[in-house]
Amino acid sequence: MRIDIWSDVVCPWCWIGKHRFQRALELMGDKAPQVEVRWHPFLLDPDAGTTPVPLRQAYAAKFGGAGRVEQMLAQTQGTAQAEGLPMDFDRGQVRVTTLPAHRLLWLAGREGVQEQVGEALFRAHFEHGRNLADP
């Protein structure tokens with residue numbers, strides 16, 4: 001069974017959903033269908049440029065102020081931690097284009113390592129606060 005997923009590696013809910021999907025397959029055990037997952041690019045923020053902007057600052061402008069952003073991040077981080085994902089929004093994440101990361105994922109798919117590279121990109125952003133547009 002082929003499953004196509006459109007995702008962005010800076011979308012926290014995409015990472016949470018990815019892990020929930022994987023866990024569901026694992027829970028099925030031997031009854032799980034043989035799946036081939038293909039990841040496709042989805043630019044969550046197509047207007048993001050190459051100049052990094054602190055994530056909280058960008059979110060405050062987009063979602064209605066710092067107070068609202070802190071509520072959103074706390075809820076998202078709490079859900080991620082309940083899933084066993086080390087999501088930390090205090091690592092200096094930035095709003096920046098994810099086009100270079102999507103190019104890397106496409107190349108990784110050609111080499112058969114898209115799953116591993118995708119997970120590494122999610123971790124780089126959410127666990128370590130890395131700028132995914134910085135070579």
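Read-outs: derived from the displayed coordinates by stated rules, not from any lab. Small disclaimer: the values here were computed from a predicted structure and weren't measured. Positions of Cβ are backbone-derived with ideal geometry, glycine not excepted, and every protein chain shown enters the neighbour counts.
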Please report His102, His128, His19 as a ranked list, fewest other C-beta atoms within 10 angstrom at the top and most at the bottom.
His128, His19, His102
Work out, step by step, the length gained on full extension between Lys62 and Glu115: first 0.36 nm times the residue separation, then minus their alpha carbon distance; give nm to one decimal.
16.0 nm
Normalise the Cα radius of gyration of the chain by 2.2 N^0.38 Å (N = residues in it) and let me know the number.
1.09
Residue order, fewest to most surrounding Cβ atoms within 10 angstrom, among Phe122, Phe89
Phe89, Phe122
Can you give the extra length, in nm with one decimal, that the chain gains between Gln22 and Asp47 once fully stretched, where that is 0.36 nm per residue apart less the Cα-Cα distance?
5.9 nm
In nm, to one decimal, how far is the Arg91 label point from the Arg130 one, both placed 7 Å along Cα→Cβ?
0.9 nm
Bridge orientation stat for the chain from DSSP, antiparallel percent rounded to 5, came to 25 percent
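Counting pairs of alpha carbon atoms under 8 Å apart in space and at least six apart in sequence, what relative contact order in percent does region 1-110 give?
On the way: 103 pairs, mean separation 37.8, N = 110.
Across region 1-110, relative contact order equals 34 percent.
For Asp4 and Met72, compute 0.36 nm times the residue count separating them, minus their Cα-Cα distance, and round to one decimal in nm. Please list the in-between numbers first.
Working: separation 68, 0.36 × 68 = 24.48 nm, distance 2.77 nm.
So the extension gain works out to 21.7 nm.
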